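Heads up: the structure comes next, in structure tokens.
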Amino acid sequence: MKPIILVSVISITTALVLYTIVVWRNWQLKLLTTAQIILLWLGLAADALATRMMGLSVEVTTWDLHTISGYAGLALMAGLAVAGTWAKWSGRQALLTSFHRFAIPIWIIWVVSYVTGVVIGIQRV
Ligand code: HEM
């Protein structure tokens with residue numbers, strides 16, 4: 001396995017851990033807090049870094065289930081982070097207390113994309 005792929009797998013797994021902590025804590029509290037938003041952005045940074053490094057490991061991107069689901073998961077998480085930050089800044093109480101209703105389905109889609117990424121990705125190296 002190329003070192004860049006190894007580092008990106010560690011980075012994407014860090015994103016999985018951070019996203020999972022956020023979604024779990026949010027579901028427990030039924031309230032979106034600043035700490036959760038910070039962890040969500042850190043997870044997104046690890047996700048984006050991993051995606052960039054996987055892209056750098058090849059000359060041309062092959063559009064298949066692995067790459068499409070990877071980008072789709074990243075885009076959904078980016079949308080969630082932006083929506084959560086906006087809800088906090090603008091004090092949308094209804095959204096802050098119902099955030100788990102969006103976060104859990106998006107997290108499930110992201111985890112499916114993670115598993116798909118690992119299963120397909122491992123065959124590429
Ligand atoms: C063992 C785990 C993994 C390995 C070995 C791996 C390996 C790779 C390789 C070799 C590529 C280049 C493929 C190509 O374009 O032909 C790639 C691309 C990509 N991977 Fe992974 N991957 C893994 C897990 C994941 C996971 C878990 C995700 C997302 C949740 C992911 C998201 C992506 C994305 C979005 C690209 C396209 C990047 C680009 O070309 O711009 N990968 N991966």
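Each value in this text was obtained by applying a stated rule to the coordinates, not by laboratory testing. Not measured: the values here are computed from a predicted model. For neighbour counting, all protein chains shown are included, and Cβ atoms are generated from backbone atoms with ideal geometry for every residue, glycine included.
A few notes on this one:
- Relative contact order for the chain, counting Cα pairs under 8 Å that sit 6 or more residues apart, in percent: 34 percent
- Gain upon complete extension [Gln123, Val58; 0.36 nm per residue less C-alpha separation]: 22.0 nm
- The chain: equivalent-ellipsoid semi-axes (sqrt of 5 x gyration tensor eigenvalues, Cα, Å): 29, 13, 12
- When the Cα positions of Ala48, Ser8, Gly121 are compared along the charge dipole of segment 3-124, Ala48 comes out farthest toward the positive end, with charges on each C-beta of Lys, Arg, Asp and Glu.
- With respect to the chain, whose longest principal axis is taken over its alpha-carbon atoms, helix 93-121 is tilted by about 10°.
- Cα long-axis angle, helix 34-56 against the chain (0 to 90 degrees, to the nearest 10): 20 degrees
- Stretchable slack from Val82 to Ile108, in nm (0.36 nm times residue separation minus alpha-carbon distance): 7.5 nm
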